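Presented below is the structure to which this report refers.
The values are calculated or read from the model by the stated rules, or taken from the named source; none is laboratory data. Predicted, not measured: the structure shown is a model, and the values here were computed from it. Cβ placement follows ideal geometry from the backbone for every residue including glycine, while neighbour counts extend to all protein chains displayed. When the accessible area is computed, the model is the full protein with side chains, heavy atoms only, and any ligands, DNA or RNA have been set aside. Shrake-Rupley method; radii C 1.70, N 1.55, O 1.52, S 1.80 Å.
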Amino acid sequence: MGRRYDPERRQRIIDAAIRVVGRSGIAGLSHRTVAAEADVPLGSTTYHFGSLDELLVAALRRSNEGFAAAVRDSGALADPEADIAEELARLMGEWLSGERTGVELEYELYLAALRRPALRQVAAEWCGVAETLVERTDPETAQALVALMDGICLQVLLTGAEYDAGYTRAMLARLMA
């Protein structure tokens, strides 16, 4: 019997890994749990991803599409008259008020790079938001803006506090001044 052609299988495995991590954390991720979640044979997960780190890299790349994509795709940032601090504060508010599990998952995968060197390169891609901001400010300020946004997001996620757009806007504006 020949191999069944299933061009979507790799993506289904990545999506299943994201769901497993979202439900059970990275500690709950294994080829077996992902195969069960994706409803594919165990061999499919090891065929497409030789290691769990490879699978985590793919999941992190997929989940990185959240805030970074919102910043990149925001037409307001391309407008030279736009208030960048206001736009970034608004985008952060939209992202944090969305589906919370996705935001938490993005940060869990991002922070997993502390212990998993294979994830560091893709985690650094999240900082690609700075590249988008360089169009409106200098590289050092762009990096500082990303660091501030990271800190505010982590504080909101870890403390359960309400996101304060006014505070965020004021701090971002202060950095840009």
_Residue within the stretch 3-16 that is closer than 23 Å to residue 141 by Cα, of a type in the set (Gly, Ala, Ser) and in contact with a helix residue (DSSP H, G or I) (Cβ under 7 Å, 6 or more places away or on another chain) present_ = no
*Test: residue in the stretch 100-107 that is polar (S, T, N, Q) and either farther than 25 Å from residue 25 by Cβ or open to solvent by 70 Å² or more (accessible area, probe 1.4 Å) (or both)*: no
*Hey, can you tell me all the residues within the stretch 141-151 that are in contact (Cβ under 8 Å) with a residue 24 or more places away in the chain, surrounded by fewer than 19 Cβ atoms within 10 Å (Cβ to Cβ) and closer than 22 Å to residue 96 by Cβ?*
144, 148
*asked:* Cβ-Cβ distance below 6 Å, separation of 6 or more or different chains: which pairs start in the stretch 165-177 with a residue that is more than 21 Å from residue 138 (Cβ to Cβ) and end on one that is among the β-branched types (Val, Ile, Thr) and open to solvent by 70 Å² or more (accessible area, probe 1.4 Å)?
replied: none
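Condition check ((1) touching a residue at least 40 places away in the same chain (Cβ under 8 Å); (2) more than 15 Å from residue 103 (Cα to Cα); (3) of a type in the set (Gly, Ala, Ser)) across all residues:
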| site | (1), (2), (3) |
| --- | --- |
| 8 | no, yes, no |
| 19 | no, no, no |
| 22 | yes, no, yes |
| 29 | no, yes, no |
| 37 | no, yes, no |
| 40 | no, yes, no |
| 52 | no, yes, no |
| 56 | yes, yes, no |
| 61 | yes, no, no |
*asked:* Being open to solvent by 10 Å² or more (accessible area, probe 1.4 Å), at pLDDT 95 or above and not small (Gly, Ala, Ser) is the filter here; which residues of the stretch 18-38 pass it?
replied: 31, 32, 33, 37
_Looking only at the stretch 93-107, how many residues end up being part of a helix (DSSP H, G or I), closer than 26 Å to residue 170 by Cα and modelled with pLDDT under 85?_
5
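For every residue, the table says whether it meets (1) of a type in the set (A, V, I, L, M, F, W, C); (2) surrounded by 13 or more Cβ atoms within 10 Å (Cβ to Cβ).
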site: 93; (1), (2): no, yes
site: 96; (1), (2): yes, yes
site: 156; (1), (2): yes, yes
site: 160; (1), (2): no, no
*asked:* Can you pull out every residue in the stretch 1-53 that is on the phi > 0 side of the Ramachandran plot and of a type in the set (Asp, Glu)?
replied: 39
*Test residue 172 against the criterion of being open to solvent by less than 40 Å² (accessible area, probe 1.4 Å) and assigned to a helix (DSSP H, G or I), and give yes or no.*
yes
*Going through the stretch 108-140 one residue at a time, which ones are open to solvent by 70 Å² or more (accessible area, probe 1.4 Å), over 22 Å from residue 23 (Cβ atoms) and part of a loop (DSSP other than H, G, I, E, B)?*
135, 136
